[in-house]
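Novice: My structure is below; once you've seen it, I'll send some questions.
The values are calculated or read from the model by the stated rules, or taken from the named source; none is laboratory data. Note that the coordinates shown come from a computational prediction; the quantities given were computed from them, not determined experimentally. Because the Cβ atoms are built from the backbone with ideal geometry, glycine has one as well, and the counts that use them run over all protein chains shown. The protein model used for the area step is the full one, side chains on, heavy atoms only, and it has no ligands, DNA or RNA in it. Shrake-Rupley method; radii C 1.70, N 1.55, O 1.52, S 1.80 Å.
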Amino acid sequence: MTINTIIIDIETLDTKPTAIILSIGAFAFDRFNLNATLENMKNTYFNESTSTYHFYCVCDLNNQLLYSRRTISQSTLDWWRKQPSNNHKDIFLNNGKSLILNKVLNALVNKIEEWKENNSEIMFYFRGTDFDPVILKNAFEEYGLSIPWKYNQVRDIRTYIDALNRTNNGYIKGHYSSFNFLKHNALHDAMSDAEQMCLVSK
């Protein structure tokens, strides 16, 4: 399948550029090919370890608290406490599956380079251009890593959906994901947005 779009989503403990990053999810797809995208989402959901179209890592919280300049806000902590625990327990449990942030960022760069092998002009979409990409840019710079997208490759999911769907809320009203969607799971959020982008691109 042609890859022309990468959606990246993160979960954090602050809204500032220096926010602690809890998890990073990404999904690569062809926004003009709904059927192939749905099939790849299905494979990702049921065979996450072998799917080639996704990236998902939980970032080690303690390491960021002790050894980085990443920050936490009380308002974001309060917000998390109001969310259903089943949706995000993996990012707060120290179950040995989390990785140090700089290793996660390096792994993300490597995955993006793999996706870009056949198309160097892939566009990077985020749900807003003033949150996820800004925080990630700050983290890449903190660890001395190159940002894996150009400034002119950054796009906004909300604008894309609203422009093609003639709406103003950034979502397809009444949309239900084709998989068992968990809100505030970074990979699930990315896949849900990919599905909606494909639907409005038909």
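Novice: When the chain is fully extended, how far beyond the present Cα-Cα distance does ASN169 get from ASN47, taking 0.36 nm per residue of separation?
Specialist: So the chain would gain 40.7 nm between ASN169 and ASN47.
Novice: Round to the nearest 10 and report in Å² the accessible area of GLU114, as given by a 1.4 Å probe over the protein chains' heavy atoms.
Specialist: Accessible surface of GLU114 is approximately 90 Å².
Novice: Taking a 19 Å limit on the Cα-Cα distance, which of the listed pairs LYS82/LYS183; LYS16/LYS89; LYS137/LYS183; LYS16/LYS173; LYS89/LYS137 fall beyond it?
Specialist: LYS16/LYS89; LYS137/LYS183; LYS16/LYS173; LYS89/LYS137
Novice: What size of dipole, in debye to the nearest 20, comes out for region 1-112 about its Cα centre when the only charges are +1 on Lys and Arg C-beta atoms and -1 on Asp and Glu C-beta atoms?
Specialist: 220
Novice: Follow-up. May I ask you to derive the FRET efficiency for LYS202 and ASP90 from their Cβ-Cβ distance with R0 = 35 Å, giving the value to the nearest 0.05?
Specialist: 0.55
Novice: Right, another one. When the Karplus curve 6.51 cos²θ - 1.76 cosθ + 1.60 is applied with θ = phi - 60°, which whole-Hz ³J(HN,Hα) does each residue of region 7-23 get, with x for Gly and Pro?
Specialist: For region 7-23, the Karplus-derived couplings read 9, 10, 10, 10, 10, 9, 10, 6, 10, 7, x, 8, 4, 4, 9, 7, 7 Hz, x marking Gly and Pro.
Novice: Turning to a different aspect of this structure: Can you list residues from other chains, or at least 5 along the same chain, whose modelled amide H is less than 5 Å from the amide H of CYS59?
Specialist: Correct list: SER23, ILE24, LEU99.
Novice: While we're looking at this one, here's another question. Please compute the length gained on full extension between SER75 and PHE181, using 0.36 nm multiplied by the number of residues separating them and subtracting their Cα-Cα distance.
Specialist: 35.6 nm
Novice: Work through the residues other than SER178 whose Cβ is under 14 Å from its Cβ and net out their charges, Lys, Arg +1 and Asp, Glu -1.
Specialist: For residues surrounding SER178, the net value is -2.
Novice: Taking 0.36 nm per residue of sequence separation and subtracting the Cα-Cα distance, how much length would be gained by fully extending the chain between ASP162 and ASN138, in nm to one decimal?
Specialist: This chain segment gains 5.8 nm when fully extended.
Novice: Follow-up. Do you know the relative contact order of region 50-140, to the nearest whole percent, from alpha carbon pairs under 8 angstrom that are 6+ apart? Please list the in-between numbers first.
Specialist: Working: 33 pairs, mean separation 33.5, N = 91.
Across region 50-140, relative contact order equals 37 percent.
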